[in-house]
Amino acid sequence: MASLFKDPNKISAYRDKRFPGNQEEFEQTLLKSTTVYVGNMSFYTTEEQAYELFSRAGEIKKITMGLDKNTKTPCGFCFVMYYSREDTEDAVKYISGTILDDRPIRVDFDWGFQEGRQWGRGRSGGQVRDEYRTDYDPDILSNLLVYVVLNLSYEGGYGKLVQKE
Ligand code: GTA
């Protein structure tokens, strides 16, 4: 049976529109790449935590955290660059779907890190797919709740400030 990682159709469902080449070149690059993209990470996960987890698949050359282009803070993804292809495949095989900071992370083959790819491409500064999200971390929800309660209990409240304008 052909290995999953040798079939260009199955290697990744993601297609980067900014890849400088055609579909066939993209697929050939993925088949040889030693870089993985990690998605669905918590915004609170640090590079050190990612390093700790991903070094279980092999020696890491570099990790680049994905950043919100406005706030310059982590926005839920990173790129992990390995030295060997075997270690890269092991990261996809064994680490994808595992839980990091309470979230099941997704590990995908990537065509290779280039300067600029660390920034979220969404209009808000983060990842595009986060603009379609409806599930939020409990931490974000409780912060939002505290914010709303504080604003409502403030004498006059935000509504009154708006009315005065
Ligand atoms: N290797 O899966 C991936 C991957 N993703 C999701 C992002 N990157 C990935 N790399 C690999 N595998 O360097 C990389 C990008 C970039 C960086 C940040 O991470 O190459 P981004 O997530 O902010 O932007 O990238 P990207 O990747 O261009 O967006 P995406 O998710 O493909 O969305 C593209 C289009 O799909 C948009 O037009 C958007 O409107 C639409 N879309 C996305 N999610 C949804 C959704 N849930 N519902 C409806 N439409 C959606």
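The values are calculated or read from the model by the stated rules, or taken from the named source; none is laboratory data. None of these values were measured; they are calculated from a predicted model. All Cβ positions, glycine included, derive from the backbone under ideal geometry; neighbour counts span all protein chains shown.
A compact table of results
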read-out	value
Qualifying residue in the stretch 104-118 (condition: in contact with a strand residue (DSSP E or B) (Cβ under 8 Å, 6 or more places away or on another chain) and more than 10 Å from the ligand (Cβ to nearest atom))	yes
Single residue of the stretch 119-148 satisfying the filter (of a type in the set (Ser, Thr, Tyr) and more than 8 Å from the ligand (Cβ to nearest atom)) that is modelled with the highest pLDDT	124
Inter-residue pairs, beta-carbon under 7 Å, first over 16 Å from residue 81 (Cα atoms) and in the stretch 37-48, second of a type in the set (Ser, Thr, Tyr), 6+ apart	none
Test for residue 94: is it in contact (Cβ under 8 Å) with a residue 40 or more places away in the chain and more than 16 Å from the ligand (Cβ to nearest atom)	no
Identity of the residue in the stretch 22-51, more than 14 Å from the ligand (Cβ to nearest atom) and outside any helix (DSSP H, G or I), that ends up farthest from the chain's Cα centre (by Cα)	22
Selection count where residues are closer than 16 Å to residue 113 by Cβ, surrounded by fewer than 19 Cβ atoms within 10 Å (Cβ to Cβ) and not polar (S, T, N, Q), scope the stretch 27-46	2
All positions within the stretch 78-92 that are in a helix (DSSP H, G or I) and out of contact with any Gly (no Cβ under 9 Å at 6 or more places or on another chain)	85, 89, 92
